Amino acid sequence: MTLNDSSLAPFLAQFYARVRRDPLLGPVFAAAIPDAAWPRHMATVEAFWSSVLFKTGRYKGNPFGTHQALGSLQPAHFTRWLALFGETAQAHFPPEDAHALQERAERIGASLQAGLFFRPDAVGRG
């Protein structure tokens, strides 16, 4: 399946099904997103990735603020999320598309983590 705007929904549906079953990530998502809110969440992540990848402008949100509000995220959550994302991308898309998608996800993840976890006042303390 080629990576395009219409292939995002099935990819993201499978990815988030895996996330919800994951022993590390599942509880975080269950606490943040009630079952009834999942259709809205899926529409939001589809709009986000459509905007990021294809510049559609569909997403109108603040991913940093959303993740910051959770308060319980740790670097291990990002590591696991990115691993599942990459595995699912590789299963859905040709290698070149999967690699491009994974690279973009890793850049976004690094940016979110820098904002969430970087503490300049802790630099140099041992």
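Could we say that ALA122 is over 25 Å from PHE54 (Cα atoms), at pLDDT below 95 and aliphatic (A, V, I, L, M) here?
Details: over 25 Å from PHE54 (Cα atoms): yes; at pLDDT below 95: yes; aliphatic (A, V, I, L, M): yes.
Here the answer is yes, as ALA122 does meet what is asked.
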Checklist entry - Which residue pairs have Cβ atoms closer than 8 Å, lie 6 or more positions apart in sequence or on different chains, and pair a first residue in the range 41-52 that is of a type in the set (Gly, Ala, Ser) with a second residue that is assigned to a helix (DSSP H, G or I) and surrounded by 18 or more Cβ atoms within 10 Å (Cβ to Cβ)? => result SER50/LEU8
Checklist entry - When you go through (1) farther than 18 Å from LEU112 by Cβ; (2) more than 15 Å from the chain's Cα centre (by Cα) one by one for ALA69, which number turns out not to apply? => result (1)
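Give me the residue from the range 64-90 that is among the small types (Gly, Ala, Ser) and in contact (Cβ under 8 Å) with a residue 24 or more places away in the chain and, out of that set, nearest to LEU12 (Cα to Cα).
Restricting attention to the range 64-90, the residues satisfying the condition of being among the small types (Gly, Ala, Ser) are 65, 69, 71-72, 76, 83, 86, 89.
Checking which are in contact (Cβ under 8 Å) with a residue 24 or more places away in the chain leaves us with 72, 76, 89.
Working: SER72: 23, ALA76: 21, ALA89: 9 Å.
The residue in question is ALA89.
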Checklist entry - ARG80: within 13 Å of the chain's Cα centre (by Cα), closer than 21 Å to HIS41 by Cβ, modelled with pLDDT of 85 or more and among the charged types (D, E, K, R), yes or no? => result yes
Next on the checklist: touching a residue at least 60 places away in the same chain (Cβ under 8 Å) and of a type outside the set (A, V, I, L, M, F, W, C): is that true of ARG18 in this structure?
Outcome noted: yes
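The values are calculated or read from the model by the stated rules, or taken from the named source; none is laboratory data. Since the structure is predicted, the reported quantities are computational estimates derived from the model, not experimental observations. Every residue, glycine as well, gets a Cβ built from its backbone with ideal geometry; the counts of neighbours run over all protein chains shown.
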